[in-house]
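To start, I am sharing the structure in question, which I have written as structure tokens.
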Amino acid sequence: MSAAVRGIGDQADTLRQMARSAKQNSQVAAGNAVPLTDQQGIRVISVTSGKGGVGKSNVVANLAMALAAQGKKVLIIDGDLGVGNLDVLLGLSPQYNLNHVLSGEKSLSEIIVEVTPSIKLIPAGSGVQEYTSLGQHEKLKLLDELDMLEEEFDIMIIDTEAGISENVTYFTVAAQEILVVVTPEPTSITDVYALIKLLATRYSEHHFKVLINMARDSEDALEVFRKLANVAGRFLDISLDYLGCVVRDERLIDSVKKQKAVFELYPDSDASNCFSTLARRVIENSRQTRLKGNIQFFFRRYLEGSGGSGV
């Protein structure tokens, strides 16, 4: 393991404490933070980003692998209903996808694909415009199908599309936890800030976990987080938790070409070590998960709160 990767742990812990503002403390004091031990059902994490090209889907695939390696059963939902590509990244060729469920042709259990014995994937369609903005009927349909999967998994990870479309806000607001992926590129920082601002001001989301992807090293990642945290702290009533980084690694690029997760293909690589650390922190952070509802109302929680209008 490189010195850059070894240095992530201690610095991340320090910065995570620094990032928690007095505003967050007041939220906790008010009783808005509920330990996972007080909750029931599957843990739902939305992974999102402000722009494309930040490696978000790779993060989802490898995080799922790393969580499975630590004993978790994981369900991945490809939430990019227009150009889903998680199946391609994982070297899979599913016959059916989420579009077939939304149209009523198939049930969710009929389209789920096994990635490993501990990981299942709900693939999205590609090149179909009809479901790029889900309507009320489709949201309720998906809710009913997901309700039947409650007992099968420990963690559900939703890979949203990039940007601030209605589907992005829908999947993100409905999840219990929001993980935003950002790279050191200035445009990535700007765009993810815009996404966070929208979710905070319009949908009252005030807690975000941040992962820096494609970092040169841990210091580079911490500097990116500082920039984002400084801007957000000045203008938004939110808290940001630094969850870690994934360093640039040529073996990750090679694994994409081979349609395999780097965690599976190169388990001892720097990138894979980063994903192991990330998975461990995700599991540890379950104690700080805020109660937004379990799988029974993964979507219903938001639908009922919106008066049936949808996101």
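The values are calculated or read from the model by the stated rules, or taken from the named source; none is laboratory data. A quick note: this is a predicted structure, and the numbers were derived from the prediction, not measured. All Cβ positions, glycine included, derive from the backbone under ideal geometry; neighbour counts span all protein chains shown.
Can you find even one residue in the range 203-212 that is polar (S, T, N, Q) and surrounded by fewer than 23 Cβ atoms within 10 Å (Cβ to Cβ)? Write out each step before concluding.
From the range 203-212, those polar (S, T, N, Q) are 204; that's our starting set.
Still in the list and also surrounded by fewer than 23 Cβ atoms within 10 Å (Cβ to Cβ): 204.
Yes; the residues of the range 203-212 include at least one that is polar (S, T, N, Q) and surrounded by fewer than 23 Cβ atoms within 10 Å (Cβ to Cβ).
Going residue by residue through the range 232-239, is there one that turns out to be within 23 Å of residue 195 (Cβ to Cβ) and of a type in the set (Asp, Glu)?
Restricting attention to the range 232-239, the residues satisfying the condition of being within 23 Å of residue 195 (Cβ to Cβ) are 232-239.
Checking the rest, the ones that are also of a type in the set (Asp, Glu) come to 237.
So far as the range 232-239 goes, yes, one or more of its residues are within 23 Å of residue 195 (Cβ to Cβ) and of a type in the set (Asp, Glu).
Per-residue answers, yes or no, for (1) of a type outside the set (A, V, I, L, M); (2) modelled with pLDDT of 50 or more; (3) under 28 Å from residue 123 (Cα atoms):
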position	(1), (2), (3)
24	yes, no, no
27	yes, no, no
32	yes, no, no
60	no, yes, yes
72	yes, yes, yes
76	no, yes, yes
84	yes, yes, yes
87	yes, yes, yes
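Somewhere in the range 123-132, is a residue modelled with pLDDT of 70 or more, surrounded by fewer than 18 Cβ atoms within 10 Å (Cβ to Cβ) and assigned to a loop (DSSP other than H, G, I, E, B)? Step through it out loud before you land on a result.
Step one: filter the range 123-132 for residues modelled with pLDDT of 70 or more, giving 123-125.
Keeping just the survivors that are surrounded by fewer than 18 Cβ atoms within 10 Å (Cβ to Cβ) gives none.
For the range 123-132, residues modelled with pLDDT of 70 or more, surrounded by fewer than 18 Cβ atoms within 10 Å (Cβ to Cβ) and assigned to a loop (DSSP other than H, G, I, E, B): absent.
Okay, residues lined up against (1) in contact with a Cys (Cβ under 6 Å, 6 or more places away or on another chain); (2) at pLDDT 95 or above; (3) part of a helix (DSSP H, G or I); (4) basic (Lys, Arg):
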{"residue": "179", "(1), (2), (3), (4)": "no, yes, no, no"}
{"residue": "209", "(1), (2), (3), (4)": "no, yes, no, yes"}
{"residue": "214", "(1), (2), (3), (4)": "no, yes, no, no"}
{"residue": "226", "(1), (2), (3), (4)": "no, yes, yes, yes"}
{"residue": "245", "(1), (2), (3), (4)": "no, yes, no, no"}
{"residue": "253", "(1), (2), (3), (4)": "no, no, yes, no"}
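Can you pull out the residues in the range 265-281 that are basic (Lys, Arg) and in contact with a strand residue (DSSP E or B) (Cβ under 8 Å, 6 or more places away or on another chain)? Show your work before the answer.
At the first step, the residues of the range 265-281 found to be basic (Lys, Arg) are 280-281.
The answer is 281, and nothing else.
Just to be sure, is residue 272 part of a helix (DSSP H, G or I) and modelled with pLDDT under 80? Give the derivation first.
Details: part of a helix (DSSP H, G or I): yes; modelled with pLDDT under 80: no.
So residue 272 does not fit the description; no.
Test of understanding: among 180, 210, which residue is in contact (Cβ under 8 Å) with a residue 60 or more places away in the chain and within 16 Å of the chain's Cα centre (by Cα)? Show your work before the answer.
On the way: 210 fails: in contact (Cβ under 8 Å) with a residue 60 or more places away in the chain.
Step by step, each of 180, 210 is checked, and only 180 is in contact (Cβ under 8 Å) with a residue 60 or more places away in the chain and within 16 Å of the chain's Cα centre (by Cα).
From (1) touching a helix residue (DSSP H, G or I) at 6+ places or on another chain (Cβ under 6 Å); (2) at pLDDT below 95; (3) surrounded by 24 or more Cβ atoms within 10 Å (Cβ to Cβ), pick out the condition that doesn't hold for residue 41.
Checking residue 41 against (1) touching a helix residue (DSSP H, G or I) at 6+ places or on another chain (Cβ under 6 Å); (2) at pLDDT below 95; (3) surrounded by 24 or more Cβ atoms within 10 Å (Cβ to Cβ), the one that fails is (3).
Now for a separate question. List pairs: first in the range 145-172 and modelled with pLDDT of 80 or more and assigned to a loop (DSSP other than H, G, I, E, B), second surrounded by fewer than 22 Cβ atoms within 10 Å (Cβ to Cβ) and of a type in the set (D, E, K, R), Cβ under 6 Å, 6+ apart or cross-chain?
Every condition considered, the pairs that remain are 153/73; 154/72; 154/73; 162/51.
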